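Quick note: the coordinates plus some simple rules give every number you see, no bench work behind them. Computed from a prediction, not measured in an experiment: that's the story for all the values here. Virtual Cβ from ideal backbone geometry, glycine too; neighbours counted across all protein chains shown.
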Amino acid sequence: MTDQLKVDTERLWSALEELGSFGRYEAPEANLFGVSRPAFSPADVAARRWIMARMEELGLTVQIDPVGNVFGRLEGSDPGRSPVVIGSHVDSVPQGGAFDGALGVLAALEVVRTLRSAETVLRGPLIVAVFTEEEGSRFGVDMLGSAVAAGRIPLAEALALRDPDGVTLAEALRDTGFAGTGLVLDAPLAYLEVHIEQGPLLSSSDSDIGVPTGVQAISWHELTVVGQAAHAGATPPRLRRDAARTATRLADRMFEYASDHQDHGLTATVGRMLLEPGVINIIPGAARFSLDMRAPDDEVLTAAEAHLSALVEEVHAEGTGLVCESRRTVRTRPVPFAEPLRQIVASWAERLGYRHQPLISGAGHDAQEMAALCPSAMIFVPGRHDGISHSPREYSEPAACAKAATLLLHVVRTLCEESP
Ligand SMILES: [Zn+2]
């Protein structure tokens with residue numbers, strides 16, 4: 001097989017369109033469509049069955065593990081070797097796009113198809129993986145399937161998770177026929193995942209490919225400010241305990257801090273703010289809001305958390321009678337991807353003539369869980385509209401998708417080695 005071997009762009013694209021028909025919804029904007037495919041919804045189940053049928057056509061041995069992850073195994077000529085795992089997820093957020101996750105699974109299948117048509121036999125086994133509930137939009141925990149496979153979340157804990165209707169994951173698996181007993185991934189050689197970037201860096205730099213250095217650290221907080229509800233017109237300044245004023249000032253000071261540290265990639269987002277009682281002519285007695293902070297560097301995020309604590313203390317020190325509390329609900333460390341594996345990806349991009357750049361992943365991915373199990377890396381694809389995702393506007397050009405799949409193909413050839 002030569003270095004010139006490429007995947008079939010049209011075949012990959014029509015697979016994306018076909019998979020996109022499961023859970024498809026029309027968006028109001030002309031010519032836009034997206035997919036709504038929460039984990040184990042009828043659309044997700046149909047998408048999974050469609051993928052399993054494609055796996056069987058390609059001669060892969062399909063196995064389902066106890067958390068519903070689907071694995072299609074292509075045997076190598078040397079049974080003693082550890083498998084290389086490639087894949088992603090096919091569940092989506094409600095009203096999501098047709099590329100997030102789907103592209104990674106279909107690129108993996110296209111790699112197998114291309115190897116098959118070139119009659120290439122690999123020495124090492126290759127596994128195409130479809131992970132369960134990557135988005136966390138049904139059972140509330142993202143990267144759930146890969147986290148269980150990699151051992152971070154115990155199986156029993158995952159199976160007991162409930163969706164908003166009270167259905168447990170165990171019940172959803174049983175009702176849809178995905179409660180498997182099959183293989184649990186054991187010491188793979190490597191994990192590789194093609195994924196849309198979900199950000200603007202690649203499209204604004206004209207790169208064909210992103211080779212992420214890792215996934216950044218995340219810190220989530222729930223903040224509460226308690227003051228005193230009172231009449232908006234009749235309460236003089238010295239008697240006002242305005243929870244909204246303190247909460248918005250606190251939020252704004254965190255935004256300022258993040259913008260002072262934007263060179264270190266720090267972001268701060270207040271995605272939700274609720275005022276009580278929430279009436280136009282009442283000074284709010286309480287304000288509750290969320291704060292999402294992220295940074296590639298753990299120390300930068302730790303410093304931001306310390307700054308938040310100091311601001312919370314300041315509210316008390318001012319002696320205005322307002323009470324402020326901050327509760328941290330999530331804290332993840334940065335996950336670096338395996339440098340030797342990144343080098344293989346980058347050098348193949350070089351040989352194929354693809355412009356590539358390192359970047360940090362702003363979003364979470366199955367690859368960050370797999371990184372606990374084996375050397376892991378990702379291949380990012382640029383997206384239109386500043387890489388917008390979790391939206392029907394999500395879109396990557398057919399040629400851009402094919403480049404990532406071709407790159408994956410050659411990295412797989414290197415890792416699995418070809419039989420002479
Ligand atoms: Zn994804």
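Summed over region 136-170, the residues that are closer than 19 Å to Arg49 by Cβ and either without any contact (Cβ under 8 Å) to a residue 60 or more places away in the chain or charged (D, E, K, R) (or both) give a count of 1.
Are any of the residues in region 100-120 within 13 Å of the ligand (Cβ to nearest atom), buried (at least 24 other Cβ atoms within 10 Å of the Cβ) and not in a helix (DSSP H, G or I)? Within region 100-120, one or more residues are within 13 Å of the ligand (Cβ to nearest atom), buried (at least 24 other Cβ atoms within 10 Å of the Cβ) and not in a helix (DSSP H, G or I). Confirm whether Val211 is touching a residue at least 24 places away in the same chain (Cβ under 8 Å), under 22 Å from the mean Cα position of the chain (by Cα), more than 20 Å from Leu74 (Cα to Cα) and part of a strand (DSSP E or B). Here the answer is yes, as Val211 does meet what is asked. Any chance region 187-197 includes a residue that's in contact with a His (Cβ under 8 Å, 6 or more places away or on another chain), within 16 Å of the ligand (Cβ to nearest atom) and not hydrophobic (A, V, I, L, M, F, W, C)? Yes: one or more hits. Counting only residues that are in contact (Cβ under 8 Å) with a residue 40 or more places away in the chain and either among the hydrophobic types (A, V, I, L, M, F, W, C) or in contact with a helix residue (DSSP H, G or I) (Cβ under 9 Å, 6 or more places away or on another chain) (or both), region 268-283 holds 4 of them. Within region 351-386, the set of residues being more than 16 Å from the ligand (Cβ to nearest atom) and assigned to a loop (DSSP other than H, G, I, E, B) comprises Gly353, Tyr354, Arg355, Ala372, Leu373, Cys374, Pro375.
Within region 73-96, the only residue that satisfies the criterion of being more than 10 Å from the ligand (Cβ to nearest atom), more than 21 Å from Leu183 (Cβ to Cβ) and touching a Gly at 6+ places or on another chain (Cβ under 7 Å) is Gln95. Scanning region 304-350 for residues that are part of a helix (DSSP H, G or I), free of Cβ contacts under 8 Å to residues at least 24 places away in the same chain and not charged (D, E, K, R) turns up Ala306, Ser309, Ala310, His316, Ala317, Gln343, Ser347.
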